[in-house]
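**Student:** The structure that follows is given in the form of structure tokens.
Since every read-out is calculated from the coordinates, none of them should be taken as a lab result. Please read all numbers here as calculations on a predicted model, not as lab measurements. Note that we place each Cβ from the backbone using ideal geometry, even for glycine, and neighbour counts take in every protein chain shown.
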Amino acid sequence: MSRVSLTLATILIAGLGLAGCDRGAPEGAQETSSAGSFAAGEIDRSQAGELMPAVNLVDPDGRVLNLGALQGGPVLLNLWATWCAPCVKEMPLLDDLAGDYGDELTVIAASQDLQTEKVKPFFDETGLEHLEPWIDPETQLSTALAQALPTTVLYDGAGREVWRVAGELDWSAPEIRGAIDEALAAQ
């Protein structure tokens, strides 16, 4: 990566951090409860129909995943980072969602960390069972999709956006599961 690209990526990630993430929960922040009370993002359908960016992700072992190759089935693409408190809070819920939907829905967690060496230890320590540690090493997805982290986009089987959520979301909430089920039924 060139010095200019690295500088631009650093500026972008810092801006995303200021826009949607903080390093810790503020005083008085809502804690997760058995009822699942989360600061909820809102489903945004304003960009429905947009194509999924053709970006290659890599895992810590060097395997490459071309997002364009995922067409044929619905994909929930989550942009997150290890330094983003709301992102970290969402990860177990996204892992549960991936387990619950199995082969019906591919859930991809694409790290936007510039310090990519932090991603695998995060997965190891967190014990995520259904998500894989994919990394967007040049943060191309942040440039294409995100104004804040976390950002999650649901794509249909043709690779077209159905809806997105900017910000933290309770992925176990019945209304969110209903929105996913609605999109899957339309396939």
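**Student:** Under unit Cβ charges (Lys, Arg +1; Asp, Glu -1), what dipole magnitude, rounded to 20 debye, does segment 73-119 have relative to its Cα centre?
**Tutor:** For this selection, approximately 240 debye.
**Student:** By the scheme Lys and Arg +1, Asp and Glu -1, what is the net charge of all other residues having a beta-carbon under 10 Å from that of Glu90?
**Tutor:** Neighbourhood net charge equals -2.
**Student:** Give me the Debye-computed log₁₀ of I(q)/I(0) at q = 0.26, 0.31 Å⁻¹ for segment 40-87, equal point scatterers on Cα only, no solvent, two decimals.
**Tutor:** -1.17, -1.21
**Student:** Taking Rh as the Kirkwood radius, which is the inverse of the mean 1/r over Cα pairs, what is the Rg/Rh value for segment 118-171? It would help to have the intermediate numbers written out before the result.
**Tutor:** On the way: Rg = 13.0 Å, Rh = 13.1 Å.
With Rg and the Kirkwood Rh in hand, the quotient comes to 0.99.
**Student:** Can you list residues whose amide H is under 5 Å from Thr151's amide H, if they're 5+ apart or on another chain and H is modeled 1.01 Å from N?
**Tutor:** Residues meeting the criterion, in which the H sits 1.01 Å from N, are Leu79, Gly167.
**Student:** Among the GluC sites (Glu not before Pro) in segment 89-187, which ones are in a DSSP loop with at most 13 other Cβ atoms within 10 Å of the Cβ? Mind listing them? Mind dumping the intermediate values first?
**Tutor:** Numbers: sites: Glu90, Glu104, Glu117, Glu125, Glu129, Glu138, Glu161, Glu168, Glu175, Glu182; in loops: Glu129, Glu138, Glu168.
Sites meeting the loop and neighbour criteria: Glu129.
**Student:** Rounded to the nearest whole Å³, what is the per residue volume of the convex hull around the Cα atoms of segment 96-142?
**Tutor:** 71 Å³
**Student:** Also, quick follow-up: Where nothing but the Cβ of Lys and Arg (+1) and of Asp and Glu (-1) is charged, how large is the charge dipole of segment 36-182 around its Cα centre, in debye to the nearest 20?
**Tutor:** Dipole size: approximately 360 debye.
**Student:** What Kirkwood hydrodynamic radius do you get for segment 31-173 when you take the inverse of the mean 1/r over all pairs of distinct Cα atoms, in Å?
**Tutor:** 15.1 Å
**Student:** What does the charge add up to near Ile176, with Lys and Arg as +1, Asp and Glu as -1, over the other residues with Cβ less than 11 Å from its Cβ?
**Tutor:** -4
**Student:** Suppose we look only past 18 Å in the calculated P(r) of segment 71-121. What percent of the Cα-Cα pairs does that tail hold?
**Tutor:** 35 percent
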